[in-house]
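Asker: Please read through the structure below; I'll follow up with questions.
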Amino acid sequence: MTHEHPGGPTADVSVRVAWADDADAIASVQLRAWPVLYADVLPPDVLPTDAAAVAAQWRQALARPADARNRVLVALERNRVVGFALTSPAADPDCDPVSDGELAEVTLDPEETSKGHGSRLLQAAVDTLAADRFTRAVTWVNAGDDALRSFLTEAGWAPDTAHRELDLDGTGATTVKQVRLHTAIG
């Protein structure tokens, strides 16, 4: 028998694999989070703003993933999506797509940070990569994103010396430097 403790530490939080029905909620989190996450990186006019279009892209990705190991996880508070994470085989040329998995994104609703959702999502993502038989995980972090880099290094991730510069608009006018972090899993 379970007893409810009002106001106690047993908040109803969880992480699960996303369903196609989560597309609207994931799109909503993305549209709220990206302007905050990428404020220093991208001009506001290049960020997506059409919720219906973003949700349609999510629905398609959730219904027909390009690879069975492409996973979307959602962090929930009760039944409300407050964040998401993406895992997949690592695509970098120096990675082995059989043994190296990638944490492509961990995104939280800006109003839901510092509540443990990120840690739960990260642990679930690593568990998912391990279940998909990856033995190493990699992720790319914007060089200036000290908060994300600190969060990951505190969780046991470390730089693996790989770095890259992304041309975000195809003209060379908007670039972002990234560093790759990795961790052993499984």
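Asker: Springs between alpha-carbon pairs under 10 angstrom, Gaussian network model over the chain: which of Phe134, Phe151, Phe84 fluctuates most?
Answerer: Evaluated over the chain, the most mobile residue of the options is Phe151.
Asker: To continue, here is another question. With an 8 Å Cα cut-off and a minimum separation of 6 or more residues, compute the relative contact order for the chain in percent.
Answerer: Across the chain, relative contact order equals 19 percent.
Asker: Treat the count of other C-beta atoms within 10 Å as a stand-in for reagent exposure and order Trp140, Trp157 from fewest to most.
Answerer: Trp140, Trp157
Asker: How far is the Cα center of segment 66-82 from the Cα center of segment 114-186, in Å?
Answerer: What the calculation gives is 17 Å, centre to centre.
Asker: Indicate, rounded to the nearest 5 percent, the antiparallel portion of the DSSP beta bridges found entirely in the chain.
Answerer: The antiparallel proportion sits near 90 percent.
Values quoted throughout were computed directly from the atomic coordinates according to the rules given, and no laboratory measurement underlies them. These figures come from a predicted structure and were not determined experimentally. Reconstructed Cβ throughout: ideal geometry from the backbone, glycine too, with neighbour counts over all protein chains shown.
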